Amino acid sequence: MTDLKRPVAVDLFAGAGGFSLGAIRAGITIAFAVENDRHSAASYRENICKRALRGQAELLNCDIESLDPAALQRQFFADRDCDLLLGGPPCQGFSTHRILGAGVDDPRNKLILAYFDFVRVLRPRVFLMENVPGILWDRHKPYLDQFYASGSKVGYRLFDPVTVDARDFGVPQRRRRVFILGVRDDIFCDDFEWPPKATHGDPRKELGDLLPWRTCLDAFRPSPENDPNNVHMSHGNELIEAFQKTPVNGGSREASGRTLPCHVSHDGHKDVYGRINPYQPAPTMTTACINPSKGRFVHPKEHHGITARQAARIQTFPDTFEFLGGLMAAGRQIGNAVPVELGATLIKHIKPLLAGPRPPSLYASHSLNVESELV
């Protein structure tokens, strides 16, 4: 039967599919997604296209700047509207880890404007773009100003950028990200609240109606048998000995007695080779989250880095989600993803806006069936 009620989305810079899976959990289907990285694209095809949406979505594995948005509009939306446009343009150029003037002229910054080309042509009812807090720095203001000016010019109301911490919405991880919401002018949103109110809070404070932040303890339960992502980095004897000396459940490298020249000459790096405290929200899962030399990514008790599966659980992916391409590729896919539960929460909040004006002929011939083990 034709499902006339399920909104349709497009996911740009889709990665392995964290944002898309969040959308599916919120009751949205995906028409097509775009992802340039081959390993991420392989994971998206297997988990989202094949399993979650049972072949009813298409993944375009290519450079987004090589695509013609108008041709895709004719192919996918000739007789239906695009309800929601998602996406997280690559954030390396905007990263807060880049110091001084680094990243100002990074060509990846311009990809937020490529994202807008799809807004202009597909004319979704709503778009939601994710990025790192560094995008709000003054050095990147020209890109953001151009994005906002273009949105207003083509008939969108853009809400001010909001910085969201994933742990405030039930994700067991400290992760701050910026979300930019745009709503088409014909959609009434004067009484719409953005962002949604937090659902979780600091247990050391008065919580009221809030739940306490989720700890990451559940991420370290046993993995399913033969899980291909239940793998971690191999370490040399010297490093293993240092881990053995590092106190369990949150111990730092300093306690192990292991000091490298870079640790002496630089006041940072205090978290590298540190253990995760499972009784707190985890640190941010970065693209190097399986590498203990890049942050506090050592297992709480065992003497090695966390596994890809443990990192994926912290990003709220289900254990049925398989990341393809090997350990390093899996780590990059996991670290780049929008946490599934955060994506679902935000999209559920904006979903009422997707019921705005729509031509009566839309969805006339589209049957959607998205029940799956991933949802």
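Odds and ends about this structure:
- Members of the stretch 15-55 found to be within 19 Å of residue 344 (Cβ to Cβ), of a type in the set (D, E, K, R) and either surrounded by fewer than 16 Cβ atoms within 10 Å (Cβ to Cβ) or over 18 Å from the mean Cα position of the chain (by Cα) (or both), listed by number: 51
- Pairs where the first residue, in the stretch 197-223, is touching a residue at least 12 places away in the same chain (Cβ under 8 Å) and under 18 Å from residue 163 (Cβ atoms) and the second is hydroxyl-bearing (Ser, Thr, Tyr) and part of a loop (DSSP other than H, G, I, E, B), C-beta under 8 Å, 6+ apart: none
- Any pair with Cβ under 9 angstrom, 6 or more apart, that starts in the stretch 121-139 at a residue that is over 13 Å from residue 164 (Cα atoms) and in contact (Cβ under 8 Å) with a residue 60 or more places away in the chain and ends at one that is surrounded by fewer than 22 Cβ atoms within 10 Å (Cβ to Cβ) and acidic (Asp, Glu): 122/81; 123/81; 124/81; 125/81; 125/186
- Residues located in the stretch 202-225, provided they are within 16 Å of residue 170 (Cα to Cα) and outside any loop (DSSP other than H, G, I, E, B): 211, 212, 217, 218, 219
- Exclusive hit being among the small types (Gly, Ala, Ser), at pLDDT below 95 and more than 27 Å from residue 169 (Cβ to Cβ), set 93, 88, 103: 103
- Residues in the stretch 56-75 that are surrounded by fewer than 16 Cβ atoms within 10 Å (Cβ to Cβ), at pLDDT 95 or above and under 15 Å from residue 30 (Cα atoms): 1 in all.
The values are calculated or read from the model by the stated rules, or taken from the named source; none is laboratory data. Source: prediction; values computed, not measured. Note that we place each Cβ from the backbone using ideal geometry, even for glycine, and neighbour counts take in every protein chain shown.
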